[in-house]
Amino acid sequence: LAISPDGATLYVSDAKTVLVVDSSGKIQKRVQQGSGRFQEISDLAVGPGGEVYVLDAGNGIVTVLDATGGYLRDVPIDEAYSGRSRGLFVDGENHVWIANTPNGQVASFGQDGTLLESFPLAPGQETQPVDVAVTSDGIIYATDVVSNQLFRIEADSTLRQAWNIPVANSGDGPHLAVGSDDTLYVTAPEMGLILTLAPDGERQAWAVPWRTDVPPKLVGIAAGPDGQIWAIDSSGSVLLSTKGGN
């Protein structure tokens, strides 16, 4: 799940399709290919200019779409980083970040595919990072499904802090979103909850489930510019919002 900078358009993916959805929940377009047909989409991100980035872990390709879902280009990132990876983020400088799940690391790239930096999530430990996000001041967050932790990493790649998070798997792992005020939101899929962290890294609270009739499995999450939070309940195939109901 990703959201446009103005909050008016949502982008929702399953394995082979990107849905362009308006804020009322109406599907505007279904996109099933970029330079080739999508095989296994694992994450979406929106850059500061509104371009939509698609991490196709099956093909090992990062595809860029325009705001309406039209194909623009591929970012030529080495498949060793993009293949089978689960998490994607684009920061304010248009750097592409990947949670490189098979190799236990986080990496960033320029728009030309040049590797800018890469580092292990937890040196000396086995990890499987499933998502990554970067705040406006360069703080890096990543979730790991081996240690079941959320890591906070400084801009110089040094580990600052870690929190325990509920157990999840890499396929439906805990995803991240950064609000306009740099508040971090983390999904706990198996519990149907969302953890919020203040910009200074202080854990604030676990949010209660939005649906109480059936326990939700919250995976994808996006934060709108107005503070509205969206999440995907993959078990119920429902797009949820903190405002205006489902």
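The values are calculated or read from the model by the stated rules, or taken from the named source; none is laboratory data. Quick caveat, the model's predicted, so the values are computed rather than measured. No Cβ is skipped: glycine too gets one built from the backbone with ideal geometry, and neighbour counts run over all protein chains shown. When the accessible area is computed, the model is the full protein with side chains, heavy atoms only, and any ligands, DNA or RNA have been set aside. Shrake-Rupley method; radii C 1.70, N 1.55, O 1.52, S 1.80 Å.
So which residues in the range 185-218 are in contact with a Pro (Cβ under 8 Å, 6 or more places away or on another chain), part of a strand (DSSP E or B) and open to solvent by less than 20 Å² (accessible area, probe 1.4 Å)?
Initial filter on the range 185-218 (in contact with a Pro (Cβ under 8 Å, 6 or more places away or on another chain)): 186-193, 209-210, 215-218.
From what is left, the residues that are part of a strand (DSSP E or B) are 186-188, 193, 218.
Passing the criteria: V186, T187, A188, L218.
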Which of the residues belonging to the range 55-73 are of a type outside the set (S, T, Y), farther than 11 Å from V96 by Cβ and either in contact with a strand residue (DSSP E or B) (Cβ under 6 Å, 6 or more places away or on another chain) or open to solvent by 50 Å² or more (accessible area, probe 1.4 Å) (or both)? D56, A57, N59, I61, L65, D66, A67, G69, L72, R73
Restricting to the range 165-174, give me the number of residues that are at pLDDT below 95, of a type outside the set (G, A, S) and surrounded by 20 or more Cβ atoms within 10 Å (Cβ to Cβ). 1
Could you list, in sequence order, all residues of the range 4-30 that are open to solvent by less than 30 Å² (accessible area, probe 1.4 Å), within 20 Å of D172 (Cβ to Cβ) and touching a Phe, Trp or Tyr at 6+ places or on another chain (Cβ under 8 Å)? L10, T17, V18
Between residues in the range 11-23 that are without any contact (Cβ under 8 Å) to a residue 24 or more places away in the chain and residues that are part of a loop (DSSP other than H, G, I, E, B), which pairs lie under 9 Å by C-beta distance while being six or more apart or on different chains? L19/G69; D22/A8; S23/G7; S23/A8; S23/G224; S23/Q228; S23/G244
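Restricting attention to the range 148-164, which residues are open to solvent by 20 Å² or more (accessible area, probe 1.4 Å) and at pLDDT below 95? Even if it seems obvious, please write down each step before you answer.
First pass over the range 148-164, keeping only residues open to solvent by 20 Å² or more (accessible area, probe 1.4 Å): 148-149, 154-164.
Of everything in the range 148-164, those that are open to solvent by 20 Å² or more (accessible area, probe 1.4 Å) and at pLDDT below 95 turn out to be E154, A155, D156, S157, T158, L159, R160, Q161, A162, W163, N164.
Counting only residues that are open to solvent by 10 Å² or more (accessible area, probe 1.4 Å) and within 26 Å of W163 (Cα to Cα), give me the strands (runs of 3 or more DSSP E) lying completely in the range 74-122 with at least 3 of them. Step through it out loud before you land on a result.
Numbers: elements: 87-90, 96-100, 105-109, 115-120.
Ranges flagged: 115-120.
How many of the residues in the range 126-137 are assigned to a loop (DSSP other than H, G, I, E, B) and touching a Ser or Thr at 6+ places or on another chain (Cβ under 7 Å)?
To start, the set of residues in the range 126-137 that are assigned to a loop (DSSP other than H, G, I, E, B) comprises 126-128, 135-137.
From what is left, the residues that are touching a Ser or Thr at 6+ places or on another chain (Cβ under 7 Å) are 127-128.
Qualifying residue count, the range 126-137: 2.
Taking the range 211-241 as the region of interest, how many residues are without any contact (Cβ under 8 Å) to a residue 40 or more places away in the chain, polar (S, T, N, Q) and closer than 19 Å to K26 by Cα? Break it down stepwise before answering.
From the range 211-241, those without any contact (Cβ under 8 Å) to a residue 40 or more places away in the chain are 211-216, 218, 235-238, 240-241; that's our starting set.
Subsequent filtering for residues that are polar (S, T, N, Q) retains 212, 235, 237, 241.
Now restrict to residues that are closer than 19 Å to K26 by Cα: 237, 241.
Here the count works out to 2.
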Within the range 146-203, which residues are without any contact (Cβ under 8 Å) to a residue 40 or more places away in the chain and among the aromatic types (F, W, Y)? F151
Unique match (being at pLDDT 90 or above and closer than 21 Å to S23 by Cβ) among T196, T143, T187: T187
